[in-house]
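All remarks here apply to the structure that follows.
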Amino acid sequence: METPIIYALSDSLGETAERVARAAASQYDQEEFQIIRVPYIRSEQQIEDIVQEAEKNHAMLCYTIISPVLRHKLKELTKLANVTVVDIIGPMLQGVSEITKTEPTMKPGMIHRLDEEYFKRVEAIEFAVKYDDGKNPLGFLKADIVIVGVSRTSKTPLSMYLAHKRIKAANLPLVPEVNLPSELFEIPPYKIVGLIIDPFKLNFIRSERLRAMGLDANANYANIERINEELEYARGVMRRIHCPIIDVSSKAIEETANLILDIVKRNAEIYPED
């Protein structure tokens, strides 16, 4: 007896159709199947050739084809040729359409585009962790944006928020006693964003932070004179590197992040080579 053949058709990679075919075939443990994936179907002629081959080999077809034209052609030809065919994605699209007011894009390969976006997001998150808090200034040269500012101006949360938007962000705390890394001056100013904050707002934030850690809220870290000294130093650095500055005193993380996203987007349009 000839080995049964299943053709898994798609106008994208065809991985889903093949997986479903293999999952179904695995239920017949007394039978061996030949499963042939046919990806990137783009024309009606390809459909005709595959249906003819399936008819000749007494094979069945399953498919995740999205194109309405190709779907119609396949249904039409398999009906005439008396070939068994299973539409894998059609019923799902119909079901989803019944619970949503939006229309499907009807574009092949969208799941792989989502996968690509997912991996870009993971890469950006790993980047933000690796180059957080100035741990490795070499990351500045690879970053989409570098955030600088004094301690407790939300540099790390901003970097993580931007990472979820697939933006590679590194950040650097500005401390008067710590020398600036040379890499900060090797990147163009438009790839740097400086954060400033009202000194009394920062005083409150730092005091609360010390209390949460069980430390003296009156420590030098939260001293208003020290804070003013740090902020003046930070402003000097930002003037020196000529970077855009955002006052985060009364802004939520999301609001500041959106301003940075606008800067990144504008930079990509003006400096596409970067």
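Structure data summary
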{"read-out": "Estimated distance in nm for a label pair at Leu180 and Lys56, the labels positioned 7 Å out from Cα along Cα-to-Cβ", "value": "7.2"}
{"read-out": "Cα-based shape type of segment 188-262, given that a ≥ b ≥ c are square roots of the gyration tensor eigenvalues and the cut on a/c is 1.5", "value": "oblate"}
{"read-out": "FRET efficiency, Phe200 to Ile99 (Cβ-Cβ, R0 51 Å, nearest 0.05)", "value": "0.50"}
{"read-out": "Among His58, His164, His242, residue whose mean-square fluctuation peaks in a GNM of the chain (springs only between Cα atoms under 10 Å)", "value": "His58"}
{"read-out": "Highest-fluctuation residue, Thr84, Thr64, Thr102 considered, GNM on the chain with Cα pairs under 10 Å", "value": "Thr102"}
{"read-out": "Length added when fully stretched, Ile5-Gln34, from 0.36 nm per residue minus Cα-Cα", "value": "10.0 nm"}
{"read-out": "Span from the segment 1-51 Cα centroid across to the segment 65-106 one, whole angstrom", "value": "16"}
{"read-out": "Helix-only [θ]222 nm of the chain, DSSP H runs n ≥ 4, -39500 (n - 2.57) each, per residue, nearest 500", "value": "-15000 deg cm²/dmol"}
{"read-out": "Modelled FRET efficiency - R0 22 Å, Ala268 with Arg240, Cβ distances, 0.05 increments", "value": "0.30"}
{"read-out": "Where labels lie 7 Å past Cα in the beta-carbon direction, separation of Ser43 and Lys165 in nm", "value": "4.4"}
{"read-out": "Non-local Lys pairs in segment 1-152, i.e. 8 or more apart or on different chains, that have alpha carbons under 23 Å apart", "value": "10"}
{"read-out": "Accessible surface of Asp11 - all protein chains present, 1.4 Å probe, nearest 10 Å²", "value": "10"}
{"read-out": "Nonlocal amide H pairs with Ile147, under 5 Å, H built at 1.01 Å", "value": "Ala170, Asn171, Leu172, Val193"}
{"read-out": "Derived scalar couplings ³J(HN,Hα) [segment 195-209; Karplus, 6.51 cos²θ - 1.76 cosθ + 1.60; whole Hz; x for Gly, Pro]", "value": "10, 10, 8, 4, x, 6, 5, 5, 4, 5, 4, 5, 4, 5, 5"}
{"read-out": "Whole-angstrom gap from segment 135-153 to segment 183-247, using each part's C-alpha centre", "value": "14"}
{"read-out": "Long-range HN-HN contacts of Val86 with modeled amide H, under 5 Å", "value": "Leu61, Cys62, Tyr63"}
{"read-out": "C-alpha long axis of helix 68-81 to longest principal axis of the chain, angle in °", "value": "20"}
{"read-out": "Accessible heavy-atom area order of Lys120, Lys101, highest first, probe of 1.4 Å", "value": "Lys101, Lys120"}
{"read-out": "Cut-off under 5 Å, modelled amide H: who pairs with Asp247 long-range", "value": "Ile196"}
{"read-out": "Accessible surface, per residue, of the chain when the full set of protein chains is kept, probe 1.4 Å, Å²", "value": "59"}
{"read-out": "Global form of segment 5-99, assessed from the alpha-carbon gyration tensor, a/c cut-off 1.5", "value": "oblate"}
{"read-out": "Phi-based couplings in Hz for segment 9-24 (Karplus 6.51, -1.76, 1.60; Gly and Pro marked x)", "value": "9, 7, 9, 10, 6, x, 5, 5, 4, 5, 4, 5, 4, 5, 5, 5"}
{"read-out": "Accessible surface of the chain, 1.4 Å probe, proportion on carbon and sulfur as whole %", "value": "53"}
{"read-out": "Pairwise label distance in nanometres, Asp216 with Glu76, each label 7 Å out on the Cα-Cβ vector", "value": "8.6"}
{"read-out": "Per-residue HN-Hα couplings for segment 255-265 [Karplus 6.51, -1.76, 1.60; θ = phi - 60°; Hz; x = Gly/Pro]", "value": "5, 5, 4, 5, 5, 5, 4, 4, 5, 4, 5"}
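The values are calculated or read from the model by the stated rules, or taken from the named source; none is laboratory data. Predicted model only: the values in this text are computed from it and were never measured. Backbone-built Cβ (ideal geometry, glycine too); neighbour counts: all protein chains shown. Each accessible area value is taken on the protein alone, full model and side chains, heavy atoms only, with ligands, DNA and RNA left out. Shrake-Rupley method; radii C 1.70, N 1.55, O 1.52, S 1.80 Å.
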